[in-house]
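Presented below is the structure to which this report refers.
Rule-based calculations on the coordinates, nothing more; no lab input. Since we're looking at a predicted model, the values are computed, not measured. Please note: Cβ atoms are built from the backbone with ideal geometry, for glycine as well, and neighbour counts cover all protein chains shown.
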């Protein structure tokens, strides 16, 4: 996780520090250029710079990277509430193509925290604030 430290907007300080420390040890975040911008209880905002390394055969961003960004945003939104989840199901709607060189913003938000499962959603926008993808996931709740 490169870049500046994320902003804490009301997450328990101990939980926030644990999230930031854990994210620094996840190589896929560096590989995919995903950075946490800020965290709120139940929500996470991330950014991703789209490079040529992520290009599909049509010269656009590969959809799997958008799914990775969405899954990460939803997972971090759960962590802000001190819940851990494993993805059981992920649905994504691709709404617009993403150009190489773009900067994407993702917002993950917890919709429901049950006794065994969590439901979260993510919205992904480009720099022009156009919604390029919408995702919803169901997650199995793990022990803390």
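Estimated from helical segments only, the mean residue ellipticity of the chain at 222 nm is -7000 deg cm²/dmol, where each DSSP H run of four or more residues counts as -39500 (n - 2.57). In this calculation the C-beta distance from residue 47 to residue 141 is compared with R0 = 30 Å, giving a FRET efficiency of 0.65. With each label modelled as a point 7 angstrom along the Cα→C-beta vector, the residue 28-residue 100 pair spans 2.4 nm. Taking all Cα pairs closer than 8 Å and separated by 6 or more residues, the relative contact order of the chain comes to 23 percent.
Taking only the C-alpha atoms of the chain, Rg followed by Dmax gives 14.5, 44 Å. Among 51, 80, sorting on how many other beta-carbon atoms sit within 10 Å of each Cβ, with the fewest leading, yields 51, 80. Taking Cα atoms only, the orientation of helix 13-23 departs from the longest principal axis of the chain by about 40 degrees. For the Cα atoms of the chain, what angle does the longest principal axis make with the long axis of helix 63-79, in degrees from 0 to 90, nearest 10? It is inclined by approximately 20 degrees. In the stretch 59-75, which residues have a backbone nitrogen under 17 Å from the label point lying 7 Å from residue 15's Cα in the Cα-to-Cβ direction? Zone members listed by number: 73-75.
Taking every DSSP bridge with both residues inside the chain, close to 95 percent are antiparallel.
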